[in-house]
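Accompanying notes for the structure given below.
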Amino acid sequence: MKKILMLAAVCLMLSCSCHQMTESRPPKGGSRLTANVTGCLSGSDSVKVFLKVSRVIDGDTFEGRMTVNTKEAYNPGVNPWMVQLTKIVVRINGIDAPERGQYYGDVATLHLHWLISGKAVGLKLKQRDMYGRWIATAFHDGVDIGAEMLKEGLAWHYKEVDGNPHYAQLEAEAKLAGLGLWCDDRAVPPWEWRRMSKYERDAYR
């Protein structure tokens, strides 16, 4: 009887071990992989995720591959294999930079590129937007990237969706100093620019 019980215990241990090994292998399906990772991260406002930036899209949007920071646990429930294979697009929370083609749009894009391109940034995730992008506060070496863009006068504080008083103060200071886009009284907020027709936009170029 003892031998039977011991044999059953050994079989159970081997079964668990094999299951763990299978789970640690990288999944084959790319779309399923992304769904699993984003599912784990969804709604995790306090979770720290780390991203190696591969491309800056414009002054408030970038993309990159998620990576593991060895000093801080980003989320112990996410498989590291999944993380390193997953590329996500991030929209910086609380700011709205000029669009490409808009006055100061290229300058804002270049400045964000200088701040984070090729670097590992920490993200405090908020939610996903209607385009599938992650809305997040981004940090590099402890510096708030959104705050830096506002400080240089290269973005508006998106007050409609964010009530951060520090962001509002940085925008007001940049505007008072005439920095970046604030050196031109004709500067149009991106949310208004996006609603304009081609002819209306041409009037501002």
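Given the criteria farther than 21 Å from residue 109 by Cβ, modelled with pLDDT under 95 and out of contact with any Lys or Arg (no Cβ under 8 Å at 6 or more places or on another chain), does residue 132 qualify? Criteria not met by residue 132. Being within 16 Å of residue 50 (Cα to Cα) and not in a loop (DSSP other than H, G, I, E, B) is the filter here, so list the residues in region 83-102 that pass it. Within region 83-102, 83, 84, 85, 87, 88, 89, 90, 91, 92 meet the criteria.
Scanning region 40-56 turns up one or more residues that are under 22 Å from residue 168 (Cβ atoms) and either at pLDDT below 95 or surrounded by fewer than 22 Cβ atoms within 10 Å (Cβ to Cβ) (or both).
The residue list 171, 148 contains one member that is among the acidic types (Asp, Glu) and within 13 Å of residue 96 (Cβ to Cβ), which is 171.
Screening region 68-111 for residues that are hydrophobic (A, V, I, L, M, F, W, C) and modelled with pLDDT of 90 or more and picking the one that is farthest from residue 181 (Cα to Cα) gives 89.
The values are calculated or read from the model by the stated rules, or taken from the named source; none is laboratory data. On a predicted model such as this, the values are computed, not experimentally measured, just so you know. As a convention, Cβ positions derive from the backbone with ideal geometry for all residues, glycine included, and neighbour counts pool all protein chains shown.
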